[in-house]
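Encoded as structure tokens, the structure appears first; notes follow it.
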Amino acid sequence: MPGVRAWIPLILLVLLAGCAPLQQGRCVHGNCTDGKGTFRWPGGAVYKGEFEGRMPHGKGEYSFEDGSSYKGGFEAGQPHGEGFRIYANGMTYEGTWSHGLKDGWGAETYENGAEYWGDYKAGVPHGFGTYTYPDGARYVGKFQNGSRHGSGQLKEADGTLTKGRWEDDKLVERRDAAGVDEAGDQTPWQGGGEVVMPSAPAAQDGADTPEEDGAPDSPSP
């Protein structure tokens, strides 16, 4: 599993989406200031749900023009609380969000068949989790800033089991059947299950359309 750099595109997706003001388009139904309504943009993006202070706030669903979507909680225009994100390339994330970033517990699937479920912090795996590789290999253990870091165990597709301690995605100590620590190989795992963490697609939410007065600020799924 790669380090935190592989997760940066996911964070950038959230930040870029947050910078795309939904001050274009118009309210097509209901109350888009303080209440429930539907807001639509020229590019085809749509938000349906609750508003407060002219921003998505509460429960709602945001559909990007590329077919991707986010459904769940919002706070001050950002995903917050429980939510489900579907990306245009088929990736999904279901879990908790905090001010636009994955934070808490969640489960993520990738277009290549890999899966992660466990703890997140500031948009990346951090805490305890399970990462399953496309070939069936599985790492169960601790993560830090998007990398395997701390105690864990790796079961490769052929059944080979490695227990030990990782630092920055490198195995630094092995633990044998008797529980004795051994020096690790000091290099990233090169087993058949290693993959590059896929990046999320770029957000497309009609941000390049002309601005209109009276529209709410942008959500940032």
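The values are calculated or read from the model by the stated rules, or taken from the named source; none is laboratory data. None of the values given here were measured: they were computed from a predicted structure. A quick note on method: Cβ atoms are made from the backbone with ideal geometry, for glycine too, and the neighbour counts reach across all protein chains shown.
Residues satisfying the criterion are present in segment 103-110 (criterion: hydroxyl-bearing (S, T, Y), at negative phi and under 10 Å from the mean Cα position of the chain (by Cα)).
So is T92 closer than 20 Å to Q153 by Cβ, of a type outside the set (G, A, S) and surrounded by fewer than 20 Cβ atoms within 10 Å (Cβ to Cβ) or not? In short, no.
Looking only at segment 45-55, residues that are of a type outside the set (A, V, I, L, M) and modelled with pLDDT under 95 come to 2 in all. It is to be established whether one or more residues within segment 132-141 are crowded, with 21+ Cβ neighbours inside 10 Å and basic (K, R). The answer is no, given that none of the residues of segment 132-141 is crowded, with 21+ Cβ neighbours inside 10 Å and basic (K, R). Residue count for segment 102-115 under the criterion of being part of a strand (DSSP E or B) and surrounded by fewer than 22 Cβ atoms within 10 Å (Cβ to Cβ): the result is 6.
Between G150, G129, the distinction of being surrounded by fewer than 16 Cβ atoms within 10 Å (Cβ to Cβ) and of a type in the set (G, A, S) belongs to G150 only.
Scan V140, V124 and give me the residue that is of a type outside the set (F, W, Y) and within 21 Å of L161 (Cα to Cα).
V140
Look through segment 116-140, keep the residues that are in a strand (DSSP E or B) and aliphatic (A, V, I, L, M), and return whichever of them is modelled with the highest pLDDT. Looking at residues that are in a strand (DSSP E or B) and aliphatic (A, V, I, L, M), I get V140.
Among the conditions (1) modelled with pLDDT of 95 or more; (2) over 21 Å from E108 (Cα atoms); (3) under 22 Å from the mean Cα position of the chain (by Cα), G77 misses just one, which is (1).
Quick one: how many residues across segment 111-143 are of a type in the set (A, V, I, L, M) and on the phi > 0 side of the Ramachandran plot? Even if it seems obvious, please write down each step before you answer.
Here is the first cut: in segment 111-143, the residues of a type in the set (A, V, I, L, M) are 114, 122, 124, 137, 140.
So of that shortlist, the ones also on the phi > 0 side of the Ramachandran plot come out as 122.
Adding up the residues that qualify gives 1.
Are any residues in segment 37-82 of a type in the set (S, T, Y) and in a strand (DSSP E or B), and if so, which ones? Matches in segment 37-82: T38, Y47, Y62, S63, S69, Y70. For the residues E94, E167, E108, the requirement of being over 30 Å from F51 (Cβ atoms), in contact (Cβ under 8 Å) with a residue 12 or more places away in the chain, in contact with a strand residue (DSSP E or B) (Cβ under 8 Å, 6 or more places away or on another chain) and charged (D, E, K, R) singles out E167.
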